[in-house]
Amino acid sequence: MEAMRRLLWLAAAACWAAAVARCDPQVPCYFIFGDSLVDNGNNNYIVSLARANYPPYGIDFAGGPSGRFTNGLTTVDVIAQLLGFDDFIPPFAATSGDQLLGGANFASAAAGIRAETGQQLGGRIPFAGQVQNYQTAVATLVSVLGDQDTASDHLSRCIFSVGMGSNDYLNNYFMPAFYNTGSRFTPEQFADALIADYRRYLQVLYNYGARKVVMIGVGQVGCSPNELARYSADGATCVGRIDGAIQMFNRRLVGLVDEFNALPGAHFTFINAYNIFADILANAASYGFTVTNAGCCGVGRNNGQVTCLPYQAPCANRDQHIFWDAFHPSEAANIIVGRRSYRAKSPNDVYPMDISTLASI
């Protein structure tokens, strides 16, 4: 995995246009919306149980614990490198002024599409709040760049990625002790309700300048160590009713891509994280993984009943684990997902284009 990490940095450092003397990013900025899969520190600034700014989180990250819910890089860190950015996209909570010219990460652990999602974990910034923070950022950019037309032109060339929905299933629909959505909605109805909200927030992003938008589908939540520990009889067979519900949501996301691509100047695309993760699980050995159903750090069955505790000693073979903790992939898995999001390995990975193609438009 160290070799893979070095290759990733070399790829990110390469000049994508041979005619230029220095390497500029393929896009001027990258804005990120999501949950703990991509949060890189926003929750450090709020009162929440959903925080990861303590060891052993970040054990393989150059800066140590940062708020990232993994041992090293997240998927959006990998994507930012492949897009040619010199540095990782900073959390919005620690970004101001002309720093926003390069983008910001608005993601918040425990956040969902629905406002109530994750509330049992305390503070978090739901999709609506992340969009509001983006609107604030746009106002700052208009001030920095001098006028709205210049800001709109700048934003139209940026990449936006949205990865929401995991917590609406993990920390809402399939958590009946805290939420009644599982009894109020059928899986189809719940997916429809999520998509209605998702559509509304995407429309705001479009209205505020987003034109190149990456919609990252929900992965196989039913295969995470926590769900295996709770519902899988053998601790290895993924939970079909959870993954089935998620596939209903993902299919509707593809429909949103077509819907938004009918708007002037819009270039929306879907990353099939579910398919990519399914391939990693099915072909784990070929990717170098030996442990597919347990966290590297955690407590209880599958190391998934309680997530990684402060200063807990993690496993030594982190690069051989698909999962870092009860819910989140390891850096090794994130690198694979990030690379396949940027440049598709299979036609089923993306619809209708990968991020490298989107950046070139």
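A compact table of results
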read-out	value
The range 171-180, residues that are polar (S, T, N, Q) and either without any contact (Cβ under 8 Å) to a residue 12 or more places away in the chain or open to solvent by 40 Å² or more (accessible area, probe 1.4 Å) (or both)	180
Top-ranked residue of the range 34-53 - restricted to ones that are assigned to a loop (DSSP other than H, G, I, E, B) and under 12 Å from the mean Cα position of the chain (by Cα), ranked as surrounded by the most Cβ atoms within 10 Å (Cβ to Cβ)	35
Residue ID - surrounded by the most Cβ atoms within 10 Å (Cβ to Cβ), chosen from residues in the range 196-210 that are out of contact with any Leu (no Cβ under 8 Å at 6 or more places or on another chain) and of a type in the set (D, E, K, R)	197
Criterion violated by residue 31 - all others in (1) modelled with pLDDT under 90; (2) surrounded by 22 or more Cβ atoms within 10 Å (Cβ to Cβ); (3) not β-branched (Val, Ile, Thr) satisfied	(1)
Residue 100 vs. criteria more than 14 Å from the chain's Cα centre (by Cα), at negative phi and open to solvent by less than 10 Å² (accessible area, probe 1.4 Å)	yes
Tally of residues being open to solvent by less than 10 Å² (accessible area, probe 1.4 Å) and either β-branched (Val, Ile, Thr) or in a helix (DSSP H, G or I) (or both) across the range 140-166	5
Long-range neighbours under 6 Å by Cβ, at least six apart or interchain, first residue touching a residue at least 60 places away in the same chain (Cβ under 8 Å) within the range 191-215, second in a helix (DSSP H, G or I) and among the polar types (S, T, N, Q)	208/135; 209/152
Options 120, 130; residue that is in a helix (DSSP H, G or I) and open to solvent by 30 Å² or more (accessible area, probe 1.4 Å)	120
So residue 3, is it at pLDDT below 95, in a loop (DSSP other than H, G, I, E, B) and more than 19 Å from residue 327 (Cβ to Cβ)	no
Members of the range 234-291 found to be under 15 Å from residue 195 (Cα atoms) and in contact with a Gly (Cβ under 7 Å, 6 or more places away or on another chain), listed by number	249, 250, 253, 270
Flag if residue 209 is closer than 17 Å to residue 171 by Cα, outside any helix (DSSP H, G or I) and of a type outside the set (Lys, Arg)	no
Any hit, the range 37-47, residues being at pLDDT below 95 and closer than 27 Å to residue 311 by Cα	no
Residue 125 vs. criteria farther than 16 Å from residue 308 by Cβ, among the aliphatic types (A, V, I, L, M) and either in a loop (DSSP other than H, G, I, E, B) or open to solvent by 20 Å² or more (accessible area, probe 1.4 Å) (or both)	yes
Helices (runs of 4 or more DSSP H) wholly inside the range 224-338 that include at least 1 residues being within 30 Å of residue 183 (Cβ to Cβ) and among the basic types (Lys, Arg)	225-231, 240-260
Subset of the range 302-339 [of a type in the set (D, E, K, R), buried (at least 24 other Cβ atoms within 10 Å of the Cβ) and touching an Asp or Glu at 6+ places or on another chain (Cβ under 8 Å)]	331
Some residue of the range 327-344 being more than 15 Å from the chain's Cα centre (by Cα), within 18 Å of residue 215 (Cα to Cα), hydrophobic (A, V, I, L, M, F, W, C) and at pLDDT 95 or above	yes
Qualifying residue in the range 224-238 (condition: open to solvent by 40 Å² or more (accessible area, probe 1.4 Å) and in contact with a Cys (Cβ under 7 Å, 6 or more places away or on another chain))	yes
Filter result for residue 114 (basic (Lys, Arg), open to solvent by 20 Å² or more (accessible area, probe 1.4 Å), touching a residue at least 24 places away in the same chain (Cβ under 8 Å) and in contact with a Gly (Cβ under 7 Å, 6 or more places away or on another chain))	no
Selection from the range 54-73 of residues that are without any contact (Cβ under 8 Å) to a residue 60 or more places away in the chain and either open to solvent by less than 20 Å² (accessible area, probe 1.4 Å) or farther than 17 Å from residue 89 by Cα (or both)	58, 64, 67, 68
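The values are calculated or read from the model by the stated rules, or taken from the named source; none is laboratory data. Note that the structure is predicted; figures quoted are calculated from it, not measured. Cβ: placed from backbone, ideal geometry, glycine included. Neighbour counts: every protein chain shown. Ligands, DNA and RNA are excluded from the accessible area calculation, which covers all protein heavy atoms including side chains. Shrake-Rupley method; radii C 1.70, N 1.55, O 1.52, S 1.80 Å.
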